[in-house]
Amino acid sequence: MSTASTISQSPDRRVSEGLGLWEPKRALTLEAARAHTQRIKLMRYVLIGLSVVLVGILIWQFLSDRGGFDPISDPTESVKMVNPRYSGRTGDGLPFYLTADTAVRRMEDRNTVLLQKPVLEFIRTRGAESSAVIAKTGSYNDMDKVLELNTDVNLQTDDGNSCDTTHARIFNVEKRIEGDEPIDCTGGFGQVSGQTYEIQDDYKTFVFKNGMVARLERGSDVADSTPIDTDAEFDFSFGGSGPVDIVATTGIYKGNFTDLEGNVRIDQEGSIITADQMDIFRVQQDGAVEGSVKLGAIQKIDAEGNFRYITAENDIRGSKGVYEREKSLMTVTGDVIVVQPGGNRYEAQKLTYNTKSGAVRFSGKCLGQNCDAGERVAIIIPGKN
């Protein structure tokens, strides 16, 4: 029984042992699988977290590079060009050329390009050398051919004029420049400043507006040889041989002709002329470059409206005054009044004054202690004859 029982039970034990041997292994494998699944999930969360952190870092870096703006390309910028070159012709067929370091065209205004360090080269007169305008920044409308310059604007013309300003609006076809900022110019017309300005007439006429100040120096501004005698040469203008200082509301310089308007005052070594309006004519010769001129001493001054001529010896007033350099003669007309330091006062309708000898001659009605009714009176200023 026992043996049979042992024998009959052996297969069960073997089965049990077999099952016993399998079951523990199966249990360990399931636990390992569950642990593996947990590790996979954990790693997935870690990777997702790292991805989020990395994306956040990339966005922060991009925003930092963009200065804090939304990381989108500038929708207004269309084209950026390096070393661009534009060309065209003026109304009279002369060429002009515009270059720059860079040019940017924006979608909001496709006709205009923004320029860095623009340089405009142009010709004022056929046969003359080229002139140039340079600036730090600017913009160019290539449809209207209008150049707007800003910051450190410098104009150099072929006849030696040099101007500095912070704004210039150049109409290339019309050959005209206007500016809304102060300008300082040096050239054949002397040294001139204005609060605003225009350069017209093929870049030949300079208009200084809203308050102009000028100085005409003797020397480089005076022609080397003029059709004036040596003695007159030393009478540079109307009051000696020193510089001539000019103040007016508006000054228009065109070749040898200068038109001054509004509270005009010119001063040379204490001799002063004031008037509402004044025309000045200067000695003119052809310059070294074709089409350019060289200016010299003042030949004539034609002043109207509240005319006044003041020296140490005389205070002469009238409606109009004309100074002729070659004749050393000042002619004053219209309710003339002469006041002298000693208290003498003379009135007449016309007066002539010799700026060299100091002789004053009246014609017309003269009222004063040295006047004889109906007769001309000559007054010699002490120290002048």
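If you check TYR203 against the conditions, is it assigned to a loop (DSSP other than H, G, I, E, B) and out of contact with any His (no Cβ under 6 Å at 6 or more places or on another chain)? Yes. Checking segment 257-269 against the condition returns a match, with at least one residue being closer than 30 Å to GLY127 by Cα and either modelled with pLDDT under 95 or among the aromatic types (Phe, Trp, Tyr) (or both).
Please find, among GLY240, GLY211, the residue that is at pLDDT 90 or above and farther than 21 Å from THR157 by Cβ. That would be GLY211, the only listed residue that is at pLDDT 90 or above and farther than 21 Å from THR157 by Cβ. Listed by first and then second residue, the pairs linking a residue in segment 326-338 that is assigned by TED's automatic domain parsing to the domain that holds VAL360 to a residue that is among the charged types (D, E, K, R), with Cβ atoms under 6 Å apart and 6 or more places separating them unless they lie on different chains, are SER328/LYS356; THR333/LYS320; THR333/LYS350; GLY334/LYS320; ILE337/ARG317; ILE337/GLU347.
In this structure, does THR157 turn out to be under 25 Å from SER139 (Cβ atoms), of a type in the set (S, T, N, Q) and modelled with pLDDT of 95 or more? Taking the combined requirement at face value, the residue does not satisfy it.
Among the residues making up segment 110-127, those that are surrounded by 13 or more Cβ atoms within 10 Å (Cβ to Cβ), of a type outside the set (Val, Ile, Thr) and without any contact (Cβ under 8 Å) to a residue 40 or more places away in the chain are LEU114, LEU115, GLN116, LYS117, PRO118, GLU121.
Select from segment 177-189 the residues that are at pLDDT below 95 and either in contact with a Cys (Cβ under 9 Å, 6 or more places away or on another chain) or in a strand (DSSP E or B) (or both) and list them in ascending order. Hits for segment 177-189 are THR186, GLY187.
Residue-wise test of (1) under 19 Å from THR157 (Cβ atoms); (2) of a type in the set (Ser, Thr, Tyr); (3) at pLDDT 80 or above.
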| residue | (1), (2), (3) |
| --- | --- |
| SER193 | yes, yes, yes |
| GLN200 | yes, no, yes |
| VAL207 | yes, no, yes |
| VAL222 | no, no, no |
| ASP235 | no, no, no |
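Of all residues in segment 164-174, those satisfying the criterion of being in a strand (DSSP E or B), over 8 Å from the mean Cα position of the chain (by Cα) and touching a residue at least 24 places away in the same chain (Cβ under 8 Å) are ILE170, PHE171.
The values are calculated or read from the model by the stated rules, or taken from the named source; none is laboratory data. What you see is a predicted model; the values in this text were computed from it and never measured. Cβ atoms come from the backbone with ideal geometry, glycine included; neighbour counts cover every protein chain shown.
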